[in-house]
1. Could you pull out every whole DSSP H run in the chain that spans at least 18 Å of Cα extent along its own axis and averages 0.0 or higher on the Kyte-Doolittle scale?
2. Can you check what the net charge comes to around W49, using other residues whose Cβ is under 14 Å from the Cβ of W49 (Lys, Arg +1; Asp, Glu -1)?
3. For the chain, set up a GNM with springs between Cα atoms under 10 Å and report which of E101, E124, E45 has the largest fluctuation.
4. Over the chain, what is the percentage of antiparallel beta bridges among all DSSP beta bridges, to the nearest 5?
5. GNM, the chain, Cα, under 10 Å: largest mean-square fluctuation among G112, G59, G150?
6. How many percent of the alpha carbon pairs in the stretch 83-196 exceed a separation of 21 Å?
7. Please work out the Cα convex hull volume for the chain and give it in Å³ per residue.
Amino acid sequence: MLEFAHFDRRRYPTVSVREGYREWLPSYETTVEDEMDLVLLDALESVPWAAVERAADLGCGTGRTGAWLRARGVARLDGLDMTPERLAIARRREIYDRLVEADIASGALEGGLYDLVTTCLVDEHLRDLRPLYREVSRLIRPGGRHVLIGYHPHFIMTAGMPTHFDRSPGEAVAIETYVHLLGDHVTAARAAGLSLIEMRERLVDDRWIVLKPRWEQYRHHPVSFAMVWQKA
Ligand SMILES: C[S@@+](CC[C@H](N)C(=O)[O-])C[C@H]1O[C@@H](n2cnc3c(N)ncnc32)[C@H](O)[C@@H]1O
């Protein structure tokens, strides 16, 4: 893990994950761009979504990822998140069979049950990736998949920009962010018995520049990534 402070160009005040995601709640769904994560999920070829009987969505938040999974035909879905206010919104969507308030690494869900585990836009908030991958490996049945979508470490380092939201117009607040190199993911996942079967990176392109004209300076840089892991 690299400290984000080495790269910080914004110097926003920083709050904890729990505090930040509670406070960001009212504007979250209109701020997070589908280009970041859902476009990458759409691009994946190694996950037979409609054949997934049972999935767990770790860091499910308000249920954006869950809604995408159910629309692709995932039959049963459990969600887990540490921010109760977000789980309340997810519950209202009526797409999860079970929602659990817990830390990702706490072992709150039953092991060996899941065909698929998703972790979308969560890993940059974890100090250490190893407990995440160990827990994912415990949850998945043999042959099952883990899809992780992340904020790209290259972008965090180049732009010096943490995950953040506006508390009020012009008052940005950062949520505790860590930098994990792609090699850190590989090392942690392989140590947990997972093999990489697909990886994609989303670059800043015309569609992004329309959404964020000030990102012209980052054109062609990777901003997010997707990894699909399989348990032997
Ligand atoms: C950017 S949101 C992503 C939510 C959803 N996957 C999506 O794509 O919209 C990150 C979520 O991860 C949750 N989170 C972060 N660290 C966590 C941890 N250690 N355990 C459980 N939830 C965590 C936060 O509460 C937040 O709801």
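1. none
2. Summing Lys/Arg as +1 and Asp/Glu as -1 gives -1.
3. Residue with maximal mean-square fluctuation among E101, E124, E45: E45.
4. Roughly 50 percent of the beta bridges in the chain run antiparallel, per DSSP.
5. In this elastic network of the chain, the residue with the biggest mean-square fluctuation among G112, G59, G150 is G112.
6. Everything past 21 Å amounts to 46 percent.
7. Here the figure is 113 Å³ per residue.
Taken together, the values in this text are just the output of simple stated rules run on the coordinates, not laboratory data. Since we're looking at a predicted model, the values are computed, not measured. As a convention, Cβ positions derive from the backbone with ideal geometry for all residues, glycine included, and neighbour counts pool all protein chains shown.
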